[in-house]
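Asker: Below you will find the structure I want to go over with you.
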């Protein structure tokens, strides 16, 4: 997995994690955020490496499906691109929009 792919899935996770089950959130966090190996995760959960790999693939697919159906991350990125294009005189408006989006 490339760094860009990891960052992309982390951003999807930030937006859509409330829609995942607790077990899938834990699996994602162990693999992507804590950087545990498949073997370490398998040992912690008392399962096989293959089931961990299948679970990670399932989480990635579910996050991708949410984004393809809802498109929230894409829309959010487009809004930020527009904010960046605001002139200096409209900078305060951009900051207010960022606050509304929870980023300011």
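Asker: For the subset of the stretch 78-97 comprising residues that are surrounded by 12 or more Cβ atoms within 10 Å (Cβ to Cβ) and under 21 Å from residue 13 (Cα atoms), which member is modelled with the lowest pLDDT?
Answerer: 80
Asker: With the requirement that a residue be under 19 Å from residue 74 (Cα atoms) and either surrounded by fewer than 12 Cβ atoms within 10 Å (Cβ to Cβ) or assigned by TED's automatic domain parsing to the domain that holds residue 77 (or both), what does the stretch 4-59 give you?
Answerer: 4, 5, 7, 14, 18
Asker: Let me ask you something else. Can you tell me which residues in the stretch 25-64 are in contact (Cβ under 8 Å) with a residue 24 or more places away in the chain and more than 15 Å from residue 12 (Cα to Cα)?
Answerer: Of everything in the stretch 25-64, those that are in contact (Cβ under 8 Å) with a residue 24 or more places away in the chain and more than 15 Å from residue 12 (Cα to Cα) turn out to be 52, 55.
The values are calculated or read from the model by the stated rules, or taken from the named source; none is laboratory data. Fair warning: this is a prediction, and the values are worked out from it, not measured in the lab. Neighbour counts run over all protein chains shown; Cβ positions are idealised from the backbone, glycine included.
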